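To start, I am sharing the structure in question, which I have written as structure tokens.
The values are calculated or read from the model by the stated rules, or taken from the named source; none is laboratory data. These numbers come from a predicted model, not from an experiment. Heads up, the Cβs are rebuilt from the backbone with ideal geometry, glycines too, and the neighbour counts pull from every protein chain shown.
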Amino acid sequence: NMAGDVLEGVQCMETLLVAPRYTSPSNVLNITLAMSLTHTATAAFNPAAYEYLQEATETTDLLYQPLSYQAEGEDEDVIKLMKEVCSIEGDGRLTGGLLQKMSQVMKVLSRTTTELPLLITTCSTNVRRMVALMSAIVAGPRSLHFFVAQLA
């Protein structure tokens, strides 16, 4: 978006069609990812939003380096990491620790070659859906059964 010669914002939309092979069009899951970055005038923070942002900033380690996973044992790492993601989630909010752990899960998912394990039922619906969507993006068609199971 341009106003005169000033860039006001950038928007990107991506559509994912997710379904098993040879599925009728009526059974295809259509996911639209919309991302935007907009420059807006500054305004005072809502105190609740400020508190949330402050907590996320304080709990995010800027020097954090994900553990490097070797080719051997990656499948065990996926299960371990998914259990950790479920245990970190707090009150339905995305904390810095949860986002860091999610980045580790996605790194391992992109490299593993086996079927993805189902998340435990004690994992919150929000986190299960977030992992499912991220796995569809990172792991592609091989994560279809995992994706459908997590949304059920």
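Look through 112, 95 and report the one residue that is polar (S, T, N, Q), surrounded by 12 or more Cβ atoms within 10 Å (Cβ to Cβ), closer than 18 Å to residue 138 by Cβ and modelled with pLDDT under 75.
After ruling out the rest, the residue left standing is 112.
Looking for something surrounded by fewer than 10 Cβ atoms within 10 Å (Cβ to Cβ), at pLDDT below 75 and either touching a strand residue (DSSP E or B) at 6+ places or on another chain (Cβ under 7 Å) or of a type in the set (S, T, N, Q) (or both) - is there at least one such residue anywhere in segment 19-30?
No; the residues of segment 19-30 include none that is surrounded by fewer than 10 Cβ atoms within 10 Å (Cβ to Cβ), at pLDDT below 75 and either touching a strand residue (DSSP E or B) at 6+ places or on another chain (Cβ under 7 Å) or of a type in the set (S, T, N, Q) (or both).
I need the full set of residues from segment 131-141 which are closer than 15 Å to residue 108 by Cα and without any contact (Cβ under 8 Å) to a residue 24 or more places away in the chain, in order please.
Hits for segment 131-141 are 132, 140.
May I ask you to list pairs of residues, at least six apart or on different chains, whose Cβ atoms are under 7 Å apart, with the first in segment 71-85 being modelled with pLDDT under 80 and the second being of a type in the set (Phe, Trp, Tyr)?
Note: pairs meeting the criteria are 77/69.
If you check every pair at least six apart or on different chains, which have Cβ atoms under 7 Å apart with a residue in segment 107-120 that is assigned to a loop (DSSP other than H, G, I, E, B) first and a residue that is modelled with pLDDT under 70 second?
Qualifying pairs under 7 Å: 112/74; 112/75; 114/75.
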